[in-house]
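The values are calculated or read from the model by the stated rules, or taken from the named source; none is laboratory data. Note that the structure is predicted; figures quoted are calculated from it, not measured. Virtual Cβ from ideal backbone geometry, glycine too; neighbours counted across all protein chains shown.
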Amino acid sequence: MSSTQNELDHLDGRAGSTRSDLSGLYHLGRTLGRGHFAVVKLARHVTTGQLVAIKMIDKTKLDIMATSHLLQEVRCMKLVQHPNVVRLYEVIDTPTTLYLVMELAEGNDLKTWLLTDVSQLQEPSS
């Protein structure tokens, strides 16, 4: 069992901890990343048990232009379905927060991978 799985087993009550949920649909886990407008959390779907990443965007910090760009990005993410692109499963919109429920991509982020692993690529792979 992975450490991610163990963390969520503990979080969702199997080890007696308190639960944090998103509209009763997801149990939220640890923070995976943080930016100026958003936080990305590990989560588990309550019914299916599927692990996902939820990007929680604070809409109160966005100006009109940033909101427009965000909506365009979400429209594009909904259209893209490719094995090498993180998939957007669901969008939950509240008055102050936009929740993007996405495929969980475990491992390094792109920046870390580029700095460490890309030098190991063979010519045909790059």
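For the reader, a short list of remarks on this structure follows.
- Test: residue in region 46-66 that is part of a loop (DSSP other than H, G, I, E, B), among the polar types (S, T, N, Q) and modelled with pLDDT under 50: no
- Some residue of region 42-59 being of a type in the set (Gly, Ala, Ser), touching a strand residue (DSSP E or B) at 6+ places or on another chain (Cβ under 6 Å) and closer than 13 Å to THR97 by Cα: no
- Region 44-68 - residue that is free of Cβ contacts under 8 Å to residues at least 12 places away in the same chain and surrounded by 11 or more Cβ atoms within 10 Å (Cβ to Cβ) and, of those, farthest from the chain's Cα centre (by Cα): SER68
- With respect to (1) touching a residue at least 12 places away in the same chain (Cβ under 8 Å); (2) within 23 Å of LEU25 (Cα to Cα); (3) not in a loop (DSSP other than H, G, I, E, B), the lone exception for VAL86 is condition (3).
- Given (1) touching a Ser or Thr at 6+ places or on another chain (Cβ under 6 Å); (2) modelled with pLDDT of 90 or more, number of the condition LEU98 does not satisfy: (1)
- The criterion of being outside any loop (DSSP other than H, G, I, E, B) and at pLDDT below 90 holds for THR4.
- A residue that is modelled with pLDDT under 95, surrounded by 14 or more Cβ atoms within 10 Å (Cβ to Cβ), closer than 20 Å to ASP109 by Cβ and touching a strand residue (DSSP E or B) at 6+ places or on another chain (Cβ under 8 Å) occurs nowhere in region 15-22.
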